[in-house]
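*Asks:* There's a structure below that I have some questions on.
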Amino acid sequence: MSTSTVSATSAAPKGSGGRKKLTLPWILLIIAGGLALVSLVRLISGANDLTSVGQVSGALQLAVPIGLAGLGGLWAERAGVVNIGLEGMMILGTWFGAWAGYQWGPWTGVVLGIVGGALGGLLHAIITVTFNVNHIVSGVAVNILAVGMTQYLSNYTFAEAEGGSSKQSPRIEPITNITVPGLSDWLADLQAKHWFLVSDVAGVLGGLVTELSLLTVVALLLIPATWWVLWRTAFGLRLRSCGENPIAAESLGVNVYKYKYIAVVVSGGLAGLGGAFLAIVSTGIYQEGQTGGRGYIGLAAMIFGNWMPGGMALGAGLFGFTDSLKLRGGAENVHAMLLLVGILLVLAAAWQLYKRKHWQAGIALAVGAGVFAWYALTDVLPSQFVDAAPYVTTLLVLALSAQRLRMPKADGLPYRKGQGK
(Lines give C-alpha, C1' and ligand atoms only; values in the text may rest on other atoms or scores of the structure.)
Protein backbone atom coordinates (compact mmCIF):
# COMPACT_ATOMS: atom_id res chain seq x y z
CA MET A 1 0.00 0.00 0.00
CA SER A 2 1.57 3.34 -1.05
CA THR A 3 1.86 6.48 1.00
CA SER A 4 -0.41 8.30 -1.43
CA THR A 5 -3.33 6.31 -0.03
CA VAL A 6 -3.30 8.74 2.89
CA SER A 7 -4.91 11.33 0.61
CA ALA A 8 -8.05 9.22 0.43
CA THR A 9 -8.26 8.75 4.18
CA SER A 10 -6.94 10.91 6.97
CA ALA A 11 -5.12 13.72 5.17
CA ALA A 12 -7.80 14.79 2.74
CA PRO A 13 -9.26 18.16 3.67
CA LYS A 14 -12.99 18.07 4.22
CA GLY A 15 -15.50 20.83 4.25
CA SER A 16 -17.27 21.63 7.46
CA GLY A 17 -20.73 20.20 7.40
CA GLY A 18 -20.51 19.42 3.69
CA ARG A 19 -19.94 23.02 2.68
CA LYS A 20 -18.30 23.54 -0.68
CA LYS A 21 -14.96 25.26 -0.86
CA LEU A 22 -14.83 28.80 -2.18
CA THR A 23 -13.51 28.92 -5.73
CA LEU A 24 -11.18 31.64 -6.99
CA PRO A 25 -13.94 33.58 -8.80
CA TRP A 26 -16.01 33.69 -5.62
CA ILE A 27 -13.02 34.82 -3.57
CA LEU A 28 -12.29 37.61 -6.05
CA LEU A 29 -15.97 38.60 -6.00
CA ILE A 30 -15.97 38.78 -2.20
CA ILE A 31 -12.79 40.91 -2.23
CA ALA A 32 -14.32 43.25 -4.83
CA GLY A 33 -17.52 43.54 -2.80
CA GLY A 34 -15.56 44.30 0.36
CA LEU A 35 -13.52 46.96 -1.41
CA ALA A 36 -16.69 48.55 -2.80
CA LEU A 37 -18.18 48.61 0.69
CA VAL A 38 -15.06 50.27 2.14
CA SER A 39 -15.17 52.79 -0.72
CA LEU A 40 -18.79 53.62 0.14
CA VAL A 41 -17.86 54.12 3.79
CA ARG A 42 -14.97 56.36 2.76
CA LEU A 43 -17.27 58.58 0.68
CA ILE A 44 -19.90 58.85 3.42
CA SER A 45 -17.49 59.45 6.31
CA GLY A 46 -14.92 61.57 4.48
CA ALA A 47 -12.07 59.45 5.89
CA ASN A 48 -10.10 59.44 2.64
CA ASP A 49 -7.10 57.74 4.20
CA LEU A 50 -8.94 54.41 4.50
CA THR A 51 -7.56 53.10 1.21
CA SER A 52 -4.68 55.49 0.54
CA VAL A 53 -1.33 54.31 -0.77
CA GLY A 54 0.29 55.05 2.59
CA GLN A 55 -2.45 53.18 4.46
CA VAL A 56 -2.09 50.05 2.33
CA SER A 57 1.72 50.19 2.48
CA GLY A 58 1.61 50.56 6.27
CA ALA A 59 -0.94 47.77 6.62
CA LEU A 60 1.27 45.44 4.59
CA GLN A 61 4.30 46.20 6.74
CA LEU A 62 2.31 45.55 9.91
CA ALA A 63 0.74 42.37 8.52
CA VAL A 64 3.95 40.67 7.38
CA PRO A 65 5.37 39.71 10.83
CA ILE A 66 1.94 38.43 11.91
CA GLY A 67 1.54 36.52 8.67
CA LEU A 68 4.97 34.89 9.03
CA ALA A 69 4.15 33.82 12.58
CA GLY A 70 0.80 32.47 11.38
CA LEU A 71 2.51 30.62 8.55
CA GLY A 72 4.87 29.10 11.10
CA GLY A 73 1.94 27.99 13.23
CA LEU A 74 0.32 26.43 10.17
CA TRP A 75 3.39 24.28 9.42
CA ALA A 76 3.55 22.98 12.99
CA GLU A 77 -0.16 22.34 13.44
CA ARG A 78 -0.56 20.64 10.08
CA ALA A 79 1.94 18.12 11.44
CA GLY A 80 -0.01 17.80 14.71
CA VAL A 81 2.06 20.04 17.00
CA VAL A 82 0.43 23.07 18.65
CA ASN A 83 2.97 25.90 18.65
CA ILE A 84 2.14 28.40 21.38
CA GLY A 85 5.87 29.17 21.41
CA LEU A 86 5.63 31.32 18.26
CA GLU A 87 5.98 34.46 20.36
CA GLY A 88 9.25 33.26 21.88
CA MET A 89 10.57 32.20 18.47
CA MET A 90 9.77 35.66 17.12
CA ILE A 91 11.65 37.20 20.06
CA LEU A 92 14.68 35.05 19.24
CA GLY A 93 14.37 36.18 15.60
CA THR A 94 14.37 39.85 16.58
CA TRP A 95 17.44 39.48 18.78
CA PHE A 96 19.54 37.29 16.48
CA GLY A 97 18.48 39.33 13.45
CA ALA A 98 19.54 42.59 15.08
CA TRP A 99 22.75 41.15 16.56
CA ALA A 100 23.96 39.91 13.17
CA GLY A 101 22.36 42.74 11.20
CA TYR A 102 24.17 45.69 12.76
CA GLN A 103 27.52 43.92 12.47
CA TRP A 104 27.41 42.16 9.10
CA GLY A 105 24.50 43.66 7.20
CA PRO A 106 20.72 43.22 7.07
CA TRP A 107 20.60 40.05 4.96
CA THR A 108 22.96 38.29 7.34
CA GLY A 109 20.62 39.43 10.08
CA VAL A 110 17.69 37.87 8.21
CA VAL A 111 19.50 34.53 7.98
CA LEU A 112 20.51 34.56 11.66
CA GLY A 113 16.98 35.58 12.62
CA ILE A 114 15.65 32.49 10.86
CA VAL A 115 18.28 30.36 12.61
CA GLY A 116 17.38 31.83 16.01
CA GLY A 117 13.69 31.07 15.52
CA ALA A 118 14.50 27.60 14.20
CA LEU A 119 16.49 26.86 17.36
CA GLY A 120 13.41 27.75 19.39
CA GLY A 121 11.39 25.45 17.14
CA LEU A 122 13.92 22.65 17.61
CA LEU A 123 13.65 22.99 21.39
CA HIS A 124 9.85 22.86 21.16
CA ALA A 125 10.08 19.76 18.95
CA ILE A 126 12.40 17.96 21.37
CA ILE A 127 10.11 18.67 24.30
CA THR A 128 6.83 17.81 22.57
CA VAL A 129 7.76 15.12 20.03
CA THR A 130 10.56 13.23 21.78
CA PHE A 131 9.51 13.67 25.42
CA ASN A 132 5.77 13.98 24.71
CA VAL A 133 5.28 16.96 27.05
CA ASN A 134 2.02 18.91 26.78
CA HIS A 135 2.32 21.26 23.80
CA ILE A 136 0.90 24.29 25.61
CA VAL A 137 3.27 23.87 28.55
CA SER A 138 6.23 23.51 26.20
CA GLY A 139 5.24 26.59 24.17
CA VAL A 140 4.90 28.74 27.28
CA ALA A 141 8.30 27.50 28.47
CA VAL A 142 9.88 28.46 25.14
CA ASN A 143 8.33 31.94 25.39
CA ILE A 144 9.65 32.48 28.91
CA LEU A 145 13.08 31.12 28.01
CA ALA A 146 13.29 33.42 24.96
CA VAL A 147 12.52 36.52 27.03
CA GLY A 148 15.10 35.65 29.69
CA MET A 149 17.75 34.59 27.19
CA THR A 150 17.51 37.74 25.05
CA GLN A 151 17.59 40.01 28.12
CA TYR A 152 20.70 38.22 29.38
CA LEU A 153 22.46 38.33 25.99
CA SER A 154 21.62 42.02 25.49
CA ASN A 155 23.52 42.89 28.65
CA TYR A 156 26.70 41.39 27.17
CA THR A 157 26.33 42.46 23.53
CA PHE A 158 24.21 45.52 22.81
CA ALA A 159 25.13 47.24 26.08
CA GLU A 160 28.78 47.17 25.04
CA ALA A 161 28.18 48.31 21.44
CA GLU A 162 28.25 51.92 20.27
CA GLY A 163 24.70 53.24 19.97
CA GLY A 164 23.21 50.32 21.88
CA SER A 165 22.03 49.62 25.41
CA SER A 166 20.85 46.70 27.50
CA LYS A 167 17.38 47.08 25.98
CA GLN A 168 18.10 47.96 22.35
CA SER A 169 20.61 47.34 19.58
CA PRO A 170 22.57 49.80 17.46
CA ARG A 171 20.91 50.98 14.25
CA ILE A 172 20.72 48.34 11.48
CA GLU A 173 21.37 49.18 7.85
CA PRO A 174 18.03 49.06 5.95
CA ILE A 175 17.09 46.55 3.27
CA THR A 176 16.53 48.00 -0.19
CA ASN A 177 13.02 49.23 -0.97
CA ILE A 178 11.63 49.00 -4.50
CA THR A 179 9.18 51.31 -6.27
CA VAL A 180 7.83 50.75 -9.79
CA PRO A 181 8.68 54.01 -11.62
CA GLY A 182 5.79 55.72 -13.36
CA LEU A 183 3.16 53.24 -12.22
CA SER A 184 3.56 54.23 -8.56
CA ASP A 185 3.10 57.95 -9.27
CA TRP A 186 0.14 57.34 -11.60
CA LEU A 187 -1.66 55.21 -9.04
CA ALA A 188 -0.98 57.79 -6.30
CA ASP A 189 -2.47 60.55 -8.48
CA LEU A 190 -5.50 58.39 -9.27
CA GLN A 191 -6.03 57.58 -5.59
CA ALA A 192 -5.84 61.29 -4.69
CA LYS A 193 -8.90 62.02 -6.85
CA HIS A 194 -11.08 60.09 -4.33
CA TRP A 195 -13.35 58.56 -6.97
CA PHE A 196 -15.67 55.76 -5.91
CA LEU A 197 -13.96 52.36 -6.12
CA VAL A 198 -11.50 53.43 -8.84
CA SER A 199 -9.40 55.46 -6.40
CA ASP A 200 -9.63 52.69 -3.81
CA VAL A 201 -8.33 50.08 -6.24
CA ALA A 202 -5.54 52.51 -7.19
CA GLY A 203 -4.67 52.98 -3.52
CA VAL A 204 -4.45 49.24 -2.91
CA LEU A 205 -2.33 48.59 -6.00
CA GLY A 206 -0.20 51.65 -5.27
CA GLY A 207 0.60 50.34 -1.81
CA LEU A 208 1.92 47.16 -3.43
CA VAL A 209 4.33 48.94 -5.79
CA THR A 210 5.55 51.84 -3.64
CA GLU A 211 8.49 51.66 -1.22
CA LEU A 212 8.16 47.87 -0.92
CA SER A 213 10.94 46.14 0.99
CA LEU A 214 12.57 43.19 -0.76
CA LEU A 215 12.02 41.17 2.40
CA THR A 216 8.29 41.91 2.12
CA VAL A 217 8.35 40.39 -1.37
CA VAL A 218 10.07 37.29 0.01
CA ALA A 219 7.49 37.01 2.78
CA LEU A 220 4.58 37.31 0.34
CA LEU A 221 6.06 34.61 -1.90
CA LEU A 222 6.29 32.24 1.07
CA ILE A 223 2.47 32.04 1.24
CA PRO A 224 1.92 30.37 -2.18
CA ALA A 225 5.16 28.44 -1.68
CA THR A 226 3.77 26.93 1.54
CA TRP A 227 0.51 26.03 -0.19
CA TRP A 228 2.39 24.32 -3.02
CA VAL A 229 4.72 22.37 -0.75
CA LEU A 230 2.05 21.18 1.69
CA TRP A 231 -0.78 20.52 -0.78
CA ARG A 232 0.93 19.67 -4.05
CA THR A 233 3.92 17.49 -3.10
CA ALA A 234 4.35 14.02 -1.64
CA PHE A 235 6.38 15.57 1.19
CA GLY A 236 3.48 17.83 2.12
CA LEU A 237 1.01 14.96 1.96
CA ARG A 238 3.07 12.92 4.41
CA LEU A 239 3.51 15.91 6.71
CA ARG A 240 -0.22 16.64 6.79
CA SER A 241 -1.01 12.98 7.38
CA CYS A 242 0.98 13.24 10.62
CA GLY A 243 -1.43 15.91 11.80
CA GLU A 244 -4.54 14.02 10.75
CA ASN A 245 -3.81 10.43 11.72
CA PRO A 246 -0.19 9.69 12.70
CA ILE A 247 -0.95 6.02 13.46
CA ALA A 248 -2.29 5.46 9.94
CA ALA A 249 0.64 7.41 8.50
CA GLU A 250 3.12 5.25 10.42
CA SER A 251 1.42 2.08 9.16
CA LEU A 252 2.08 3.32 5.61
CA GLY A 253 5.78 3.80 6.29
CA VAL A 254 5.86 7.51 7.16
CA ASN A 255 8.50 8.48 9.73
CA VAL A 256 6.15 10.57 11.88
CA TYR A 257 8.83 11.86 14.24
CA LYS A 258 10.94 13.11 11.34
CA TYR A 259 8.10 15.03 9.74
CA LYS A 260 6.99 16.54 13.03
CA TYR A 261 10.56 17.70 13.69
CA ILE A 262 10.87 19.22 10.22
CA ALA A 263 7.52 20.99 10.56
CA VAL A 264 8.24 22.51 13.96
CA VAL A 265 11.75 23.63 13.02
CA VAL A 266 10.39 25.26 9.84
CA SER A 267 7.67 26.80 12.00
CA GLY A 268 10.28 28.33 14.27
CA GLY A 269 12.30 29.55 11.30
CA LEU A 270 9.28 31.35 9.82
CA ALA A 271 8.46 32.95 13.18
CA GLY A 272 12.11 33.96 13.48
CA LEU A 273 11.91 35.55 10.04
CA GLY A 274 8.90 37.52 11.26
CA GLY A 275 10.96 38.69 14.22
CA ALA A 276 13.87 39.65 12.00
CA PHE A 277 11.44 41.62 9.82
CA LEU A 278 10.32 43.59 12.87
CA ALA A 279 13.87 44.46 13.87
CA ILE A 280 15.37 45.11 10.43
CA VAL A 281 12.51 46.42 8.24
CA SER A 282 9.80 47.74 10.56
CA THR A 283 12.00 49.62 13.03
CA GLY A 284 15.64 49.23 11.98
CA ILE A 285 16.56 48.43 15.56
CA TYR A 286 16.04 45.74 18.19
CA GLN A 287 14.03 46.82 21.22
CA GLU A 288 13.07 44.71 24.19
CA GLY A 289 9.44 43.63 23.95
CA GLN A 290 8.98 44.81 20.37
CA THR A 291 7.09 41.67 19.26
CA GLY A 292 4.12 42.91 21.32
CA GLY A 293 2.25 39.60 21.26
CA ARG A 294 2.37 39.25 17.46
CA GLY A 295 3.18 35.56 17.80
CA TYR A 296 -0.16 35.00 19.52
CA ILE A 297 -1.95 37.19 16.98
CA GLY A 298 -0.34 35.15 14.20
CA LEU A 299 -1.75 32.03 15.82
CA ALA A 300 -5.19 33.69 15.87
CA ALA A 301 -4.80 34.61 12.17
CA MET A 302 -3.98 30.98 11.38
CA ILE A 303 -7.10 29.78 13.21
CA PHE A 304 -9.22 32.41 11.45
CA GLY A 305 -7.83 31.10 8.15
CA ASN A 306 -8.93 27.55 9.02
CA TRP A 307 -5.35 26.25 8.93
CA MET A 308 -4.96 27.30 5.27
CA PRO A 309 -2.29 29.72 3.91
CA GLY A 310 -4.70 31.97 2.03
CA GLY A 311 -7.14 32.35 4.90
CA MET A 312 -4.26 32.97 7.30
CA ALA A 313 -2.97 35.75 5.01
CA LEU A 314 -6.41 37.39 5.03
CA GLY A 315 -6.48 37.25 8.84
CA ALA A 316 -3.03 38.82 9.11
CA GLY A 317 -4.03 41.45 6.56
CA LEU A 318 -7.14 42.31 8.55
CA PHE A 319 -5.12 42.93 11.69
CA GLY A 320 -2.48 44.89 9.79
CA PHE A 321 -5.19 47.04 8.19
CA THR A 322 -6.90 47.94 11.47
CA ASP A 323 -3.56 48.54 13.16
CA SER A 324 -2.47 50.84 10.33
CA LEU A 325 -5.76 52.75 10.59
CA LYS A 326 -4.94 53.44 14.22
CA LEU A 327 -1.43 54.65 13.44
CA ARG A 328 -2.19 56.81 10.39
CA GLY A 329 -5.60 58.37 10.94
CA GLY A 330 -6.21 57.62 14.59
CA ALA A 331 -9.70 58.29 15.87
CA GLU A 332 -11.10 59.52 12.54
CA ASN A 333 -10.33 56.32 10.64
CA VAL A 334 -11.47 54.00 13.43
CA HIS A 335 -14.64 56.11 13.82
CA ALA A 336 -15.36 55.56 10.11
CA MET A 337 -14.98 51.82 10.64
CA LEU A 338 -18.01 51.94 12.96
CA LEU A 339 -20.10 52.73 9.89
CA LEU A 340 -18.58 49.73 8.09
CA VAL A 341 -19.33 47.45 11.05
CA GLY A 342 -22.93 48.69 11.15
CA ILE A 343 -23.44 47.97 7.45
CA LEU A 344 -21.91 44.51 7.81
CA LEU A 345 -24.26 43.74 10.70
CA VAL A 346 -27.29 44.74 8.61
CA LEU A 347 -26.08 42.49 5.78
CA ALA A 348 -25.55 39.68 8.28
CA ALA A 349 -29.11 40.17 9.56
CA ALA A 350 -30.46 39.98 6.01
CA TRP A 351 -28.55 36.74 5.46
CA GLN A 352 -29.91 35.25 8.69
CA LEU A 353 -33.45 36.20 7.66
CA TYR A 354 -32.88 34.50 4.31
CA LYS A 355 -31.88 31.36 6.22
CA ARG A 356 -34.94 31.83 8.47
CA LYS A 357 -32.88 32.31 11.61
CA HIS A 358 -35.01 35.05 13.08
CA TRP A 359 -33.40 35.28 16.53
CA GLN A 360 -29.92 35.69 15.09
CA ALA A 361 -31.21 38.28 12.61
CA GLY A 362 -32.87 40.26 15.40
CA ILE A 363 -29.69 40.30 17.47
CA ALA A 364 -27.62 41.44 14.47
CA LEU A 365 -30.09 44.22 13.70
CA ALA A 366 -30.17 45.40 17.31
CA VAL A 367 -26.39 45.51 17.57
CA GLY A 368 -26.18 47.18 14.16
CA ALA A 369 -28.62 49.88 15.26
CA GLY A 370 -26.48 50.50 18.33
CA VAL A 371 -23.35 50.84 16.21
CA PHE A 372 -25.08 53.27 13.81
CA ALA A 373 -26.25 55.35 16.79
CA TRP A 374 -22.70 55.36 18.19
CA TYR A 375 -21.37 56.56 14.84
CA ALA A 376 -24.05 59.26 14.42
CA LEU A 377 -23.79 60.67 17.95
CA THR A 378 -19.98 60.89 18.13
CA ASP A 379 -17.26 62.55 16.10
CA VAL A 380 -14.20 61.04 17.80
CA LEU A 381 -13.70 57.77 19.63
CA PRO A 382 -11.88 57.45 22.98
CA SER A 383 -8.16 56.87 22.57
CA GLN A 384 -8.40 53.63 24.55
CA PHE A 385 -10.86 52.19 22.04
CA VAL A 386 -8.69 53.31 19.13
CA ASP A 387 -5.68 51.51 20.62
CA ALA A 388 -7.72 48.37 21.24
CA ALA A 389 -9.41 48.33 17.81
CA PRO A 390 -7.03 45.82 16.11
CA TYR A 391 -7.34 43.36 19.00
CA VAL A 392 -11.13 43.76 19.25
CA THR A 393 -11.40 43.18 15.50
CA THR A 394 -9.34 40.01 15.77
CA LEU A 395 -11.52 38.64 18.60
CA LEU A 396 -14.76 39.47 16.78
CA VAL A 397 -13.64 37.82 13.55
CA LEU A 398 -12.52 34.70 15.40
CA ALA A 399 -15.82 34.51 17.27
CA LEU A 400 -17.90 34.90 14.10
CA SER A 401 -15.88 32.37 12.10
CA ALA A 402 -15.61 29.73 14.84
CA GLN A 403 -18.41 27.55 13.45
CA ARG A 404 -16.61 27.01 10.13
CA LEU A 405 -13.28 25.94 11.57
CA ARG A 406 -11.78 22.48 11.27
CA MET A 407 -8.41 21.86 12.86
CA PRO A 408 -6.22 18.84 11.96
CA LYS A 409 -7.71 15.84 13.78
CA ALA A 410 -4.55 14.88 15.67
CA ASP A 411 -3.44 18.45 16.42
CA GLY A 412 -1.99 18.58 19.94
CA LEU A 413 -2.64 14.92 20.68
CA PRO A 414 0.18 12.83 22.20
CA TYR A 415 1.85 10.30 19.92
CA ARG A 416 4.35 7.54 20.57
CA LYS A 417 6.13 5.62 17.84
CA GLY A 418 4.59 2.19 17.40
CA GLN A 419 1.50 2.91 19.50
CA GLY A 420 -0.79 1.61 16.76
CA LYS A 421 0.67 -1.90 16.91
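The values are calculated or read from the model by the stated rules, or taken from the named source; none is laboratory data. These numbers were taken from a predicted model, which means no experiment stands behind them. Cβ atoms come from the backbone with ideal geometry, glycine included; neighbour counts cover every protein chain shown. Side chains included, ligands, DNA and RNA excluded: accessible areas come from the protein's heavy atoms. Shrake-Rupley method; radii C 1.70, N 1.55, O 1.52, S 1.80 Å.
*Asks:* Could you say which residue among Gln151, Gln168 is of a type outside the set (A, V, I, L, M, F, W, C) and within 30 Å of Gln55 (Cβ to Cβ)?
*Replies:* Gln168 is the lone residue from the list that is of a type outside the set (A, V, I, L, M, F, W, C) and within 30 Å of Gln55 (Cβ to Cβ).
*Asks:* Still on this structure: If only one of Gly243, Gly236, Gly268 is touching a His at 6+ places or on another chain (Cβ under 8 Å), part of a helix (DSSP H, G or I) and under 26 Å from Val115 (Cα atoms), which one is it? I'd like the intermediate steps shown before the answer.
*Replies:* Details: Gly243 fails: touching a His at 6+ places or on another chain (Cβ under 8 Å); Gly236 fails: touching a His at 6+ places or on another chain (Cβ under 8 Å).
None of the other options fit; the residue is Gly268.
*Asks:* If you don't mind, another one. Kindly list the number of the only condition in (1) over 27 Å from Leu71 (Cβ atoms); (2) free of Cβ contacts under 8 Å to residues at least 40 places away in the same chain; (3) surrounded by 15 or more Cβ atoms within 10 Å (Cβ to Cβ) that fails for Pro181.
*Replies:* The failed condition is (3).
*Asks:* Could I ask something else about it? Take the range 137-178 and flag every residue that is assigned to a loop (DSSP other than H, G, I, E, B) and open to solvent by 70 Å² or more (accessible area, probe 1.4 Å).
*Replies:* Across the range 137-178, the qualifying residues are Glu162, Lys167, Arg171, Glu173, Pro174, Thr176.
*Asks:* Looking at the range 127-140 only, could you name the residues that are free of Cβ contacts under 8 Å to residues at least 24 places away in the same chain and not β-branched (Val, Ile, Thr)? Quick ask: steps written out before the conclusion?
*Replies:* Residues of the range 127-140 that are free of Cβ contacts under 8 Å to residues at least 24 places away in the same chain, as a first pass: 127, 131, 133-134, 137.
The answer is Phe131, Asn134.
*Asks:* Taking the range 189-213, which residues are over 13 Å from Ser39 (Cα atoms), within 27 Å of the chain's Cα centre (by Cα) and assigned to a helix (DSSP H, G or I)?
*Replies:* Across the range 189-213, the qualifying residues are Leu205, Gly206, Gly207, Leu208, Val209.
*Asks:* Now, a different point. Are any of the residues in the range 373-386 at pLDDT 90 or above, open to solvent by 40 Å² or more (accessible area, probe 1.4 Å), among the aromatic types (Phe, Trp, Tyr) and over 27 Å from the mean Cα position of the chain (by Cα)? I'd like the intermediate steps shown before the answer.
*Replies:* Going residue by residue through the range 373-386, those that are at pLDDT 90 or above are 373-377.
Right, trim to open to solvent by 40 Å² or more (accessible area, probe 1.4 Å) and you get 373-377.
From the residues that got through so far, the ones that are among the aromatic types (Phe, Trp, Tyr) too are 374-375.
When the remaining residues are screened for being over 27 Å from the mean Cα position of the chain (by Cα), the result is 374-375.
Yes - at least one qualifying residue is present in the range 373-386.
*Asks:* Taking Arg238 as the residue in question, decide whether it is crowded, with 20+ Cβ neighbours inside 10 Å and at pLDDT 95 or above. Working first, answer last.
*Replies:* Values: crowded, with 20+ Cβ neighbours inside 10 Å: yes; at pLDDT 95 or above: yes.
It is true that Arg238 is crowded, with 20+ Cβ neighbours inside 10 Å and at pLDDT 95 or above.
*Asks:* Check the range 28-44 and report whether any residue there is charged (D, E, K, R) and either modelled with pLDDT of 90 or more or assigned to a helix (DSSP H, G or I) (or both). Full working, then the answer.
*Replies:* At the first step, the residues of the range 28-44 found to be charged (D, E, K, R) are 42.
With the extra rule that they be either modelled with pLDDT of 90 or more or assigned to a helix (DSSP H, G or I) (or both), the set shrinks to 42.
So far as the range 28-44 goes, yes, one or more of its residues are charged (D, E, K, R) and either modelled with pLDDT of 90 or more or assigned to a helix (DSSP H, G or I) (or both).
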